[in-house]
Amino acid sequence: MINFSSPIAGCMRWGKWGANFTTKEYRIIIDECLHNGITSFDHADIYGDYTTEADFGEVLKDAPSLRRQMQLITKCGIQITTPNRPLHQIKSYNTSKEYIIASTEQSLKNFCTDYIDVMLIHRPDPLLNPEEVAEAITTLQQQGKILHFGVSNFLPHQVHLLQKSIPVQFNQLEVSIVHLFPFINGMLDHCLQHNIIPMAWAPLGGGILNDDAHPRYRSIAATASELAAKYLTGINQILIAFLLAHPSKIIPVLGTTKIERLLQVKEAANITLEREDWFKLYIASTGEDVP
């Protein structure tokens, strides 16, 4: 099994959809991540209107030795409308064998590499044929073009459907102090049951503590601040430690352009919340006692 860093650096906002880094700026943040032991990078083919993978890949083209120091995760299966994809008439999903293989080949070209560490199906597709997905992934694995396979945003029954045809090793889910559903709807239980590694996107709730309009802002902020003082750390570290407490061994995927934020999340691995402190945060988010 592949070893990821925790956190995984989410690259969605590094390109056109956010900071719009130059190649030099990509190199700086990649070097900073690797220097600090953050070696895993999360992408998707659609990020930056299909440009962010290639922008990241310019660094690997100039410095190919960096590739062996990192793990690349990317996703396919969503088609969006953008001028550089003129054949896409509407946003839709495509998990056909041909599309998965073509998307992987394009990602390899974009990253200037000959293998992807992990390929994820980005969203559940109502027309997904598990046997067809299995054929595509098996072919790519046999060719050494992808090493591991998983999904993103799949519910347990959707993962189970795929598992009949091919092993699923990862599920990237939205889970945070403000998105508790995976704790109670069976998603994390399913990961634990089947040895699937959950990755948490938006693990800090999309900036909840910068949004005082959120209905649970005050209670979450107050409880997190209280616990940050108790554990001699910061609020972000506490909110990530909340996720890390789950026995499924959640790996946070932090979509930030700041190395400082990534380092805060990395520090959370050193915090073990007492069980009642975990429930204090849970209750602060729900606004009511557990049943």
Report task. Collect the residues in the range 201-224 that are closer than 14 Å to HIS179 by Cα, modelled with pLDDT of 90 or more and over 22 Å from the mean Cα position of the chain (by Cα), keeping them in residue-number order. Result -> ILE220
Report task. Quick one: MET199 ticks every box in (1) crowded, with 19+ Cβ neighbours inside 10 Å; (2) closer than 24 Å to LEU239 by Cα; (3) without any contact (Cβ under 8 Å) to a residue 40 or more places away in the chain; (4) among the aliphatic types (A, V, I, L, M) except a single one, so which number is it? Result -> (3)
Requested in this report: Would you check which residues across the range 236-258 are without any contact (Cβ under 8 Å) to a residue 40 or more places away in the chain and surrounded by fewer than 19 Cβ atoms within 10 Å (Cβ to Cβ) and list them?
Outcome: ALA245, LYS258
Query raised in the report: Among the residues of the range 41-69, how many are within 18 Å of THR104 (Cα to Cα) and either crowded, with 16+ Cβ neighbours inside 10 Å or of a type in the set (Gly, Ala, Ser) (or both)?
Result: 19
Report summary line: With criteria (1) at positive phi; (2) over 19 Å from the mean Cα position of the chain (by Cα), GLY37 comes up short on (2)
Query raised in the report: Looking at the range 102-121, which of the residues that are in a strand (DSSP E or B) and among the aliphatic types (A, V, I, L, M) is surrounded by the most Cβ atoms within 10 Å (Cβ to Cβ)?
Result: MET119
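Need at least 2 residues that are among the aliphatic types (A, V, I, L, M) per element, so show me which helices (runs of 4 or more DSSP H) inside the range 1-86 make the cut, counting only ones lying wholly within it. Can you show your working first?
On the way: elements: 23-35, 47-50, 52-62.
Those helices (runs of 4 or more DSSP H) span 23-35, 52-62.
Considering each of LEU227, LEU262 in turn, give the residue that is within 23 Å of HIS43 (Cα to Cα), of a type in the set (A, V, I, L, M, F, W, C) and either crowded, with 16+ Cβ neighbours inside 10 Å or modelled with pLDDT under 95 (or both). Don't jump to the end; show me each part of the working.
Details: LEU227 fails: within 23 Å of HIS43 (Cα to Cα).
Going through LEU227, LEU262 in turn, the sole match is LEU262.
So that you can scan it fast, the table gives a plain yes or no per residue for (1) at pLDDT 95 or above; (2) in contact with a strand residue (DSSP E or B) (Cβ under 6 Å, 6 or more places away or on another chain); (3) under 29 Å from GLU260 (Cα atoms):
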site: CYS11; (1), (2), (3): yes, yes, yes
site: LYS75; (1), (2), (3): yes, yes, yes
site: GLN79; (1), (2), (3): yes, yes, no
site: GLN106; (1), (2), (3): yes, no, no
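Does any residue of the range 192-200 turn out to be among the hydrophobic types (A, V, I, L, M, F, W, C) and at pLDDT below 95?
If we filter the range 192-200 for residues that are among the hydrophobic types (A, V, I, L, M, F, W, C), which is where we start, we get 192, 196-197, 199-200.
Then keep just the ones that are at pLDDT below 95; that gives none.
No, the range 192-200 contains no residue that is among the hydrophobic types (A, V, I, L, M, F, W, C) and at pLDDT below 95.
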Report task. State whether one or more residues within the range 53-72 are more than 22 Å from the chain's Cα centre (by Cα), at pLDDT 95 or above, over 17 Å from VAL159 (Cβ atoms) and polar (S, T, N, Q). Result -> yes
Requested in this report: Check LYS91 against each of (1) closer than 26 Å to LEU127 by Cα; (2) surrounded by 12 or more Cβ atoms within 10 Å (Cβ to Cβ); (3) among the basic types (Lys, Arg) and name the one condition it does not meet.
Outcome: (2)
Query raised in the report: Hey, does the range 128-145 have a residue that's surrounded by fewer than 19 Cβ atoms within 10 Å (Cβ to Cβ), within 26 Å of GLN193 (Cβ to Cβ) and under 17 Å from the mean Cα position of the chain (by Cα)?
Result: no
Query raised in the report: Of the residues ASN236, ASN195, which is of a type in the set (S, T, N, Q) and outside any helix (DSSP H, G or I)?
Result: ASN195
Report summary line: Scanning the range 265-291 residue by residue, the ones that are outside any helix (DSSP H, G or I) and either free of Cβ contacts under 8 Å to residues at least 40 places away in the same chain or surrounded by 14 or more Cβ atoms within 10 Å (Cβ to Cβ) (or both) total 8
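If you check ILE8, ILE78, which single one turns out to be surrounded by 17 or more Cβ atoms within 10 Å (Cβ to Cβ), touching a Pro at 6+ places or on another chain (Cβ under 9 Å) and in contact (Cβ under 8 Å) with a residue 40 or more places away in the chain? Break it down into steps so the answer makes sense when it comes.
Values: ILE78 fails: touching a Pro at 6+ places or on another chain (Cβ under 9 Å).
Result: ILE8 is the single residue among ILE8, ILE78 that is surrounded by 17 or more Cβ atoms within 10 Å (Cβ to Cβ), touching a Pro at 6+ places or on another chain (Cβ under 9 Å) and in contact (Cβ under 8 Å) with a residue 40 or more places away in the chain.
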Query raised in the report: Of all residues in the range 159-179, which are surrounded by fewer than 15 Cβ atoms within 10 Å (Cβ to Cβ) and in a loop (DSSP other than H, G, I, E, B)?
Result: LYS164, PRO167
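The values are calculated or read from the model by the stated rules, or taken from the named source; none is laboratory data. Keep in mind that this is a model prediction, so the values were computed, not measured. Because the Cβ atoms are built from the backbone with ideal geometry, glycine has one as well, and the counts that use them run over all protein chains shown.
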